[in-house]
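Just so you know, all these numbers are worked out from the coordinates, no wet-lab data involved. Since we're looking at a predicted model, the values are computed, not measured. For neighbour counting, all protein chains shown are included, and Cβ atoms are generated from backbone atoms with ideal geometry for every residue, glycine included.
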Amino acid sequence: MRKLARSAIVALLVASIAGATQAQTLKVAMGSDVKILDPIWSSAYIQRDFGYMVWDVLFALDDRFEVKPQMVESWSVSPDKLTWSFTLRDNKWSNGQPVTSEDCIASIKRWGARDTMGQKMLASGDGFEAVDARTFRMKMKEPYGLVLESLAKASSSAPFMMPKKTAETPPTTQIKVEDVIGSGPFVFKADEWKPGEKVVFARNSVSRPRGEPPAGLSGGKVAKMERVEWIWIPDPQTQVSALQNGEVDIVQALPHDLLPIVAGDKNIKLFDSNPIGSQYEFRFNTLIKPFDDPKVRHAAMVAFGQEEFLKATIGDPKYYKVCKAPFVCGTPLGSDEGMQEVLNQDAAKARALLTAAGYDGTPVVLLQATDISAMVNLGPVAKAQLEAAGFKVDLQTMDWQTLVTRRTRKDPADKGGWNALFTYSGAADILNPVSANLFNASCEKATYGWPCDPEIERLRDAFAKETDPVKRKQTAMDLQKHWVGAPTFVNLGQLYQPSAMRTNIDGMVAAPATVFWNVTKK
């Protein structure tokens, strides 16, 4: 009897320890697999989400989209607006080394070589100076109106601060696995990374979070979970089953037609972490035919109509909005000025414009991701609308990470390149023409698609340097009207994507990116 009693006690202790360990592990079915670890090399949202797990930023946007200090303790600007000084908080990288001014200078330079806001800011810059280990200066050639907004850029291509050794990696080269070292809330467990299966993070024990409560992407980034596992489950129905069975705690982005199923489960709740939504986009490759011709791109914009895309992908009108405004409806620059003749699905007019442009029937190689539920049905709709207008379309399907890699190629479309693809942007990324990377038309410095339009760049520069809000808005509208005639992409409407989670999960933060600090599991 004594043996049995002792065995029972041991069994209870083992079960208790196992239960406590499970409670300290958060399991999340993310919207994409992770095959790339560098959020500067790739602007894809899964790399952005990875970035916020591991790294931190100098400034961040709160829940009102106001700039707040993050890694910075204090800052100042000279009376002539030409010298910005920044003093860092006392913090360490996950390897125990101190965060220094030289680390941040190298990080800003690498980010600024890739990101649209960074490029504009550094173009007005006149170099950096490390004053001491925790203070550095950025000098400007001329006053620049978006310094803090640039350093606080949210969501995709955020200016994550990395150790100098990591940040000295050429911006066109991915950082090495062993160099994924940050001062953020979690540490990447490279030894447990299994592409196609899972990504594992552990609490960063040396990180020193801010003392303020979390608000948007700012404030105290306190990792309350010992361990976070991103589980890759490509099939949405399997995601639902895993969530209902408690095998995962959160599903980042379920297809909208499955939301009513989980919403009816008493053990599951929905949470919209990005209430201002996102925007679907059809991106042109402007280097090769047929979209090297702005008239052909404009014809495609005339051929498209947003409603069919939104019905095919979202379905329920409460989760989408037909919106011609490229800078997002409901925001300060959200306007359809100059957009009256486009996005009306006018096949006849588009066909006439194609004929006038001399379109020669060059096939449009259109890339379509099949493993992101909110994007799966975009391809067939685009193919139908473009073909109705006279385009020839070659729709090619693949997983998102393969697409992200392929979109960096500048080869001819029939030799591994591409003509067009789909993506989407969180509203926080596209609130103005400087932050919206698909407006960047600086040729080789632009992101994938590489548009080259001096007038767009002139107006983006004018917007960045203008301090009067009224004049700044007029500049944005002038740019918008020019862009309609020579679009760098086509905006296909707004969508809203709640996450689904077990009811024992608390503390999710509403922010332009999916973040897991402050989260607890009962």
Proximal aspartates and glutamates to LYS321, defined as alpha-carbon separation beneath 12 angstrom and excluding residues fewer than eight positions away on the same chain: GLU307, GLU308
Under the span-like rule (Cα at least 24 Å along the axis, Kyte-Doolittle mean at least 0.5), DSSP H helices of the chain: 2-23
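Antiparallel as a % of all DSSP beta bridges within the chain, to the nearest 5? Mind dumping the intermediate values first?
Details: 54 of 69 bridges.
Roughly 80 percent of the beta bridges in the chain run antiparallel, per DSSP.
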Nonlocal amide H pairs with GLN345, under 5 Å, H built at 1.01 Å: PHE304, GLY305
Simple label model, 7 Å out from Cα along Cβ direction - LYS410 to GLN340, nm: 4.0
Test item: Cα-centred dipole of segment 278-495, Lys/Arg +1 and Asp/Glu -1 on Cβ, debye: 80
Long-range HN-HN contacts of VAL72 with modeled amide H, under 5 Å: ARG89
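Past 19 Å, Cα to Cα: identify those pairs from LYS139/LYS221; LYS324/LYS473; LYS189/LYS224, in the order given.
Cα-Cα > 19 Å for LYS139/LYS221; rest within.
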Cα shape, the chain, gyration tensor, a/c 1.5 rule: oblate
Per-residue ³J(HN,Hα) for segment 421-431, Karplus 6.51 cos²θ - 1.76 cosθ + 1.60, θ = phi - 60°, Hz, x for Gly and Pro: 7, 10, 8, 8, 10, x, 4, 4, 7, 10, 7
Alpha carbon centroid spacing (whole Å) that separates segment 297-322 from segment 340-363: 18
Karplus 3J(HN,Hα) series, Hz, for segment 217-224 with 6.51 cos²θ - 1.76 cosθ + 1.60 (x for Gly, Pro): 9, 10, x, x, 9, 8, 7, 8
Computed E for SER85/ALA190 - FRET, C-beta separation, R0 25 angstrom, nearest 0.05: 0.10
Separation in nanometres of the label points that stand 7 Å from Cα toward Cβ, at GLU66 and LYS141: 3.5
Nearest-20 debye value, segment 345-443 charge dipole, Cβ charges on Lys, Arg, Asp, Glu: 160
Amide H within-cut-off set for VAL393, under 5 Å, with H built and near neighbours excluded: VAL364
Modelled label reach - ASP461, point 7 Å along Cα→Cβ, segment 321-364 residues with backbone N closer than 18 Å: none
Mean-position separation - Cα centroids, segment 131-201 and segment 417-465, in angstrom: 21
Kirkwood hydrodynamic radius of segment 45-173, from inverse mean 1/r over distinct Cα pairs, in Å: 14.8
Cβ-derived FRET efficiency at R0 25 Å, THR331 paired with ASP468, nearest 0.05: 0.85
Nitroxide proxy distance, nm - points 7 Å out along Cα→Cβ at ALA357 and THR503: 5.4
Karplus (6.51, -1.76, 1.60) ³J(HN,Hα), θ = phi - 60°, over segment 284-291, in Hz, Gly and Pro reported as x: 8, 9, 8, 7, 10, 4, x, 8
Length released on extending from GLN174 to ALA510, taking residue separation times 0.36 nm less the Cα-Cα span: 118.0 nm
Gained length - THR25 relative to ASP394, 0.36 nm times residue gap less alpha-carbon distance: 128.4 nm
